[in-house]
Amino acid sequence: MTETCGTLTIGSYDYDDHLIEEVLRTRQPRLKVYRAPLTAVVIGRGGKPDIELHLDAIARDGVPVLRRNGGGCAVVIDAGNLVVSVALPVNGIKDNRKYFDRITDWLIGKLQETGLESVQQRGISDLAIGDRKIGGSCIYRTNQYLYYSTTILLTADLSLIDRYLKHPPREPDYRYSRPHLDFVMNVGEMEGLEDRDWGDESLSLIPDKTE
């Protein structure tokens with residue numbers, strides 16, 4: 001499904017649709033871990049492009065804009081982002097926060113196993129090291145399934161965030177109105193990890209159990 005904002009066409013972020021289809025078919029949890037398949041701007045379910053995005057720069061560069069089912073403000077993805085998506089069979093629509101926190105705790109535990117011991121949840125849905133954001137998460141829920149997805153900044157081109165995203169209309173308290181490039185960082189910028197060749201190794205940070 002597509003929509004428009006001025007001359008901009010907004011598509012759907014559908015790279016995890018098969019994950020949800022599998023959960024609905026089998027009623028079994030599914031996990032997928034992958035590098036972002038393209039450079040794109042992804043806006044939340046209720047996001048407003050004219051408020052959150054630098055539309056002229058996006059149009060000039062021909063970067064696709066996609067809408068995800070989950071909430072939250074807009075993000076930029078590229079091949080330097082690791083995407084971790086989880087889909088669970090559920091009944092009803094209660095306990096969203098409980099599911100969100102449990103999945104986030106599980107993910108933080110897996111990241112800690114890789115040596116990223118200082119990762120913590122901050123704000124409503126961020127992954128952070130100290131006061132720098134390294135990832136953001138969203139959730140979408142129906143009475144049949146719950147979908148959770150997070151993107152982790154490994155070696156992302158952070159300049160694209162500044163180029164395509166305005167300062168968000170809402171922010172976590174630990175951001176203190178800092179501009180994008182003073183707020184986010186790549187995991188690969190951490191001391192001791194600067195020379196690490198993430199390559200395909202990043203895909204094994206968390207086992208892919210989609211099969």
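Taking the stated definitions as given, is ILE108 at pLDDT below 95, among the β-branched types (Val, Ile, Thr) and in a helix (DSSP H, G or I)? The answer is yes for ILE108.
Against the definition (crowded, with 20+ Cβ neighbours inside 10 Å, at pLDDT below 95 and farther than 18 Å from ASP157 by Cα), how does GLY72 come out, yes or no? Against the criterion (crowded, with 20+ Cβ neighbours inside 10 Å, at pLDDT below 95 and farther than 18 Å from ASP157 by Cα), GLY72 qualifies.
When the criteria are applied in full, ARG132 meets the requirement of being surrounded by fewer than 21 Cβ atoms within 10 Å (Cβ to Cβ), farther than 22 Å from VAL33 by Cβ, modelled with pLDDT of 90 or more and of a type in the set (Lys, Arg). Only one residue in ALA87, ALA57, ALA79 is over 25 Å from LEU111 (Cβ atoms), among the aliphatic types (A, V, I, L, M) and either part of a loop (DSSP other than H, G, I, E, B) or more than 14 Å from the chain's Cα centre (by Cα) (or both). Which one? Among ALA87, ALA57, ALA79, only ALA57 is over 25 Å from LEU111 (Cβ atoms), among the aliphatic types (A, V, I, L, M) and either part of a loop (DSSP other than H, G, I, E, B) or more than 14 Å from the chain's Cα centre (by Cα) (or both).
Can you find a residue in the stretch 184-199 that is at pLDDT 90 or above and assigned to a strand (DSSP E or B)? Scanning the stretch 184-199, I find at least one residue that is at pLDDT 90 or above and assigned to a strand (DSSP E or B), so the answer is yes. If the condition is being more than 17 Å from GLY70 (Cβ to Cβ) and in contact with a Phe, Trp or Tyr (Cβ under 9 Å, 6 or more places away or on another chain), then the stretch 83-116 contributes only PRO89.
Which residue pairs have Cβ atoms under 7 Å apart, sit 6 or more places apart or on different chains, and have a first residue in the stretch 88-109 that is farther than 14 Å from ILE139 by Cβ and a second that is at pLDDT 90 or above and aromatic (Phe, Trp, Tyr)? Between residues of the stretch 88-109 that are farther than 14 Å from ILE139 by Cβ and residues that are at pLDDT 90 or above and aromatic (Phe, Trp, Tyr), the close pairs are PRO89/TYR145. Within the stretch 128-149, the presence of at least one residue that is touching a residue at least 12 places away in the same chain (Cβ under 8 Å), in contact with an Asp or Glu (Cβ under 6 Å, 6 or more places away or on another chain) and over 20 Å from HIS18 (Cα atoms) is confirmed. Mind checking which residues of the stretch 90-105 are in a loop (DSSP other than H, G, I, E, B) and either crowded, with 17+ Cβ neighbours inside 10 Å or not charged (D, E, K, R) (or both)? Within the stretch 90-105, VAL90, ASN91, GLY92, ILE93 qualify. What about GLY47, is it more than 14 Å from the chain's Cα centre (by Cα), of a type in the set (Gly, Ala, Ser) and within 22 Å of ARG122 (Cβ to Cβ)? The answer is yes for GLY47. Filtered by the rule that a residue be over 19 Å from PRO169 (Cβ atoms) and assigned to a loop (DSSP other than H, G, I, E, B), the stretch 60-73 gives GLY62, VAL63, PRO64, ASN69.
Might you check whether a residue that is farther than 19 Å from ALA36 by Cα and part of a helix (DSSP H, G or I) occurs anywhere in the stretch 155-173?
Yes, some residue in the stretch 155-173 is farther than 19 Å from ALA36 by Cα and part of a helix (DSSP H, G or I).
The values are calculated or read from the model by the stated rules, or taken from the named source; none is laboratory data. All values derive from a computational prediction rather than experimental measurement. Cβ atoms come from the backbone with ideal geometry, glycine included; neighbour counts cover every protein chain shown.
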